[in-house]
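J.: Okay, here's the structure, questions in a sec.
The values are calculated or read from the model by the stated rules, or taken from the named source; none is laboratory data. These numbers were taken from a predicted model, which means no experiment stands behind them. Neighbour counts are summed over all protein chains in view; Cβ atoms, including those assigned to glycine, are modelled from backbone coordinates with ideal geometry.
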Amino acid sequence: MKNELILILDFGGQYNQLIARRVRECKVYSEVVPYNITIEEIKEKAPKGIIFTGGPASVYGEDSPKCAEEIFELGIPILGICYGMQLMTYTLKGKVEKAEKREYGTINVKIDNTSPLFQGFEKENKFLMSHTDYVETVPNGFSNIGATETCPNAAMENREKKLYGIQFHPEVNNSINGTKVIKNFLFNICGCNGDWEISSFVEESIKTLKEKIGDKKALCALSGGVDSSVAAILLSKAIGKNLTCIFVDHGLLRKNEGDEVEEIFRNQFDINLIRVNAKERFLEKLSGITDPERKRKIIGEEFIRVFEEEAKKIGTIDYLVQGTIYPDVIESGLGKSSVIKSHHNVGGLPDYVDFKEIVEPLRDLFKDEVRKTGIELGIPENLVYRQPFPGPGLAIRIIGEITDEKLQILKEADSIFREEIAKAGLHKKINQYFAVLTNLKSVGVMGDERTYDYTLALRAVETTDFMTGIWSKIPYEILEKVSSRIVNEVSHVNRIVYDITSKPPATIEWE
Ligand code: XMP
């Protein structure tokens, strides 16, 4: 059975992914596609509806993204948001004007609640407006269904042709009941049923992967992270022992993590697993290295070398499995802001592995959908909901040179911290928490002895997007317990500090 589909035409707005997510939250499958998708491709995809996103351009700009007039003749309902509404107006020969002043903020919009788009709404609602250009005259066949004090056409409709435009952003949280506008579009206007579920995604994916790969061979690099784990297990459900997973254990994982990954894959899911214990090799390459970016680069490269060596032993394979997820797909190709840290994600593409094609079973899913898929597949919750862990692992949590001794100290201390956070029930509230071994030694006293040992830092942040975050106000009693346990149970730590900086100005990791 084919899913109901909503196509989201990307005109470069900053909230595009959010629109896609909101639609999926309504249990309707959505896809973000470039604005210049051809009419033929649209017809082939046969969407139930189309959404035009916002974007920074002005319809009068020379290079501004445009669409063909024909799109409005397909009989498919369209909702234009912000720039999308202006483009609809411009293409259908209404009038778009430049305002003197930008209208920005959560603003009162008077609406016509007899429109199917605003069914169930009060006559006045607060929505996020963020625009300079505005629609001065709606195109022929359209009527006004919304206005603010300064924007005469904040919403418009051509009910008969099912074409709608809104100047505000329904997808953001600041727009009260914004999702209801999207729901109305999906259910009242496009006639969607809303029956898209993760369980049907899982079932369908397994079936398609089975048909596609059949009895050919696939290979997957496992990092122990959520995405590669879910991708691998999904694939193993489809092709069983024709999948081989290579788990490169660089020795920089948290305490017991390597064994836990092995236990899940080998014993619980009976997957063909090759675990390469490459700690010595990585530590050798990292010996004497103190620069964080060099550490990242070395680990990234070495990971691929180890993977390639193992893959060569297997010989030719047909498919290489990648844990790419939807935000990676949407973001790639768009301009990126400046690189603060080169976030190397273990599992990059090896150059010398002999394969015919890449499979990316999760490329249509958002992170929370990947987690739901994981749960659906029976992967233990602690793996599916684990906190983010950087590809280069503990290497960027040991400041300065990495040695085996430092690694052991950090693993033990970090494990105690995580254990106490979980015991206190704070693990769901704090989004990332870990220990850092600083390169600083200081004087202490233990019994009657003078000590000269390491200072350990504890870091805990609360964040939703990991781009900004605040330091977590962990209760003193818990910090006290963690501190006393670590100094008592872990040798060579005689001082513990708690990091009380938010991001920005600090980053989450210390390196
Ligand atoms: P920062 O330290 O930049 O971290 O505030 C933001 C998020 O990214 C993670 N991070 C990394 N992840 N490779 C990764 O796969 C890396 O090199 C890396 N550096 C930071 C960090 O753990 C946090 O979740």
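J.: Can you spot a residue in the stretch 273-281 that is within 16 Å of the ligand (Cβ to nearest atom), surrounded by 17 or more Cβ atoms within 10 Å (Cβ to Cβ) and modelled with pLDDT of 90 or more? Step through it out loud before you land on a result.
T.: Here is the first cut: in the stretch 273-281, the ones within 16 Å of the ligand (Cβ to nearest atom) are none.
Scanning the stretch 273-281, I find no residue that is within 16 Å of the ligand (Cβ to nearest atom), surrounded by 17 or more Cβ atoms within 10 Å (Cβ to Cβ) and modelled with pLDDT of 90 or more, so the answer is no.
J.: In the stretch 37-57, which residues are touching a residue at least 40 places away in the same chain (Cβ under 8 Å), assigned to a loop (DSSP other than H, G, I, E, B) and crowded, with 16+ Cβ neighbours inside 10 Å?
T.: Matches in the stretch 37-57: Pro47, Lys48, Thr53, Gly54, Gly55, Ala57.
J.: Under 6 Å by Cβ, and 6 or more places apart or on different chains, what pairs join a residue from the stretch 463-477 that is under 11 Å from Pro504 (Cα atoms) with one that is surrounded by fewer than 13 Cβ atoms within 10 Å (Cβ to Cβ) and at pLDDT 95 or above?
T.: Cβ pairs passing all conditions: Trp471/Ile500.
J.: Here's another thing I want to ask about it. Looking at Ile239, Ile182, Ile206, Ile189, which is the one that is more than 16 Å from Ile379 (Cβ to Cβ) and free of Cβ contacts under 8 Å to residues at least 40 places away in the same chain? Lay out the reasoning, then the answer.
T.: On the way: Ile182 fails: free of Cβ contacts under 8 Å to residues at least 40 places away in the same chain; Ile206 fails: more than 16 Å from Ile379 (Cβ to Cβ); Ile189 fails: free of Cβ contacts under 8 Å to residues at least 40 places away in the same chain.
Matching residue, one of Ile239, Ile182, Ile206, Ile189: Ile239.
Condition check ((1) of a type in the set (Lys, Arg); (2) in contact (Cβ under 8 Å) with a residue 40 or more places away in the chain; (3) buried (at least 19 other Cβ atoms within 10 Å of the Cβ); (4) within 14 Å of the ligand (Cβ to nearest atom)) across all residues:
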position: Ile402; (1), (2), (3), (4): no, yes, yes, no
position: Ala424; (1), (2), (3), (4): no, yes, no, no
position: Lys428; (1), (2), (3), (4): yes, no, no, no
position: Leu437; (1), (2), (3), (4): no, yes, yes, no
position: Tyr454; (1), (2), (3), (4): no, yes, yes, no
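J.: Spot the failing condition for Ser236; the list is (1) touching a helix residue (DSSP H, G or I) at 6+ places or on another chain (Cβ under 8 Å); (2) buried (at least 20 other Cβ atoms within 10 Å of the Cβ), and only one is missed.
T.: (1)
J.: Being touching a Cys at 6+ places or on another chain (Cβ under 9 Å), in a loop (DSSP other than H, G, I, E, B), of a type outside the set (Ser, Thr, Tyr) and farther than 27 Å from Glu204 by Cα is the requirement here; does Gly61 meet it? Break it down into steps so the answer makes sense when it comes.
T.: Working: touching a Cys at 6+ places or on another chain (Cβ under 9 Å): no; in a loop (DSSP other than H, G, I, E, B): yes; of a type outside the set (Ser, Thr, Tyr): yes; farther than 27 Å from Glu204 by Cα: yes.
Here the answer is no, as Gly61 does not meet what is asked.
J.: Here is a follow-up. Does Thr89 satisfy the criteria of being touching a Lys or Arg at 6+ places or on another chain (Cβ under 9 Å) and under 19 Å from Arg159 (Cα atoms)? Break it down stepwise before answering.
T.: Values: touching a Lys or Arg at 6+ places or on another chain (Cβ under 9 Å): yes; under 19 Å from Arg159 (Cα atoms): yes.
Here the answer is yes, as Thr89 does meet what is asked.
J.: Could you list, in sequence order, all residues of the stretch 293-331 that are in contact (Cβ under 8 Å) with a residue 12 or more places away in the chain, over 24 Å from the mean Cα position of the chain (by Cα) and either farther than 14 Å from Ser223 by Cα or outside any helix (DSSP H, G or I) (or both)?
T.: Matches in the stretch 293-331: Lys295, Ile298, Glu308, Glu310, Ala311, Lys312, Ile314, Gly315, Thr316, Ile317, Asp318, Tyr319.
J.: Only helices (runs of 4 or more DSSP H) wholly contained in the stretch 363-436 count here; list those with 3 or more residues that are acidic (Asp, Glu) and closer than 24 Å to Glu25 by Cα.
T.: Details: elements: 367-376, 381-384, 404-423.
Passing ranges, in order: 367-376.
J.: Return a yes/no flag: does the stretch 374-383 have any residue that is within 20 Å of Phe247 (Cβ to Cβ), within 16 Å of the ligand (Cβ to nearest atom) and modelled with pLDDT under 90. Spell out how you get there, then give the answer.
T.: Taking the stretch 374-383 and keeping what is within 20 Å of Phe247 (Cβ to Cβ), we get 374, 377-380, 382-383.
Still in the running and within 16 Å of the ligand (Cβ to nearest atom): none.
No; the residues of the stretch 374-383 include none that is within 20 Å of Phe247 (Cβ to Cβ), within 16 Å of the ligand (Cβ to nearest atom) and modelled with pLDDT under 90.
J.: Looking only at residues that are assigned to a loop (DSSP other than H, G, I, E, B), under 24 Å from the mean Cα position of the chain (by Cα) and of a type in the set (Gly, Ala, Ser) in the stretch 458-511, which one is farthest from the ligand (Cβ to nearest atom)?
T.: In the first step, residues of the stretch 458-511 are kept if they are assigned to a loop (DSSP other than H, G, I, E, B); the result is 463-468, 472-475, 490-492, 499-502, 504-511.
Filter again for under 24 Å from the mean Cα position of the chain (by Cα), leaving 463-468, 472, 502, 504-511.
Remaining after also requiring of a type in the set (Gly, Ala, Ser): 472, 502, 506.
Numbers: Ser472: 14, Ser502: 11, Ala506: 8 Å.
Ranking the candidates gives Ser472 first.
J.: I would also like to ask the following. Looking only at the stretch 282-292, which residues are surrounded by fewer than 18 Cβ atoms within 10 Å (Cβ to Cβ), out of contact with any Lys or Arg (no Cβ under 9 Å at 6 or more places or on another chain) and touching a residue at least 24 places away in the same chain (Cβ under 8 Å)?
T.: Across the stretch 282-292, the qualifying residues are Leu283, Ser287, Gly288, Thr290.
J.: Do any strands (runs of 3 or more DSSP E) entirely within the stretch 80-178 hold 1 or more residues that are surrounded by fewer than 16 Cβ atoms within 10 Å (Cβ to Cβ) and not aliphatic (A, V, I, L, M), and if so, which? Let's see the steps before the verdict.
T.: On the way: elements: 95-111, 124-137, 143-147, 155-158, 163-166.
The strands (runs of 3 or more DSSP E) meeting that bar are 95-111, 124-137, 143-147.
J.: Any idea which of Ser64, Ser30, Ser115 is at negative phi and under 26 Å from the mean Cα position of the chain (by Cα)? Before you say what the answer is, go through the steps one by one.
T.: Details: Ser64 fails: under 26 Å from the mean Cα position of the chain (by Cα); Ser115 fails: under 26 Å from the mean Cα position of the chain (by Cα).
Testing whether each residue is at negative phi and under 26 Å from the mean Cα position of the chain (by Cα) leaves just Ser30.
J.: Among what's in the stretch 1-20 and is modelled with pLDDT of 90 or more and charged (D, E, K, R), pick the residue that is surrounded by the fewest Cβ atoms within 10 Å (Cβ to Cβ).
T.: Glu4
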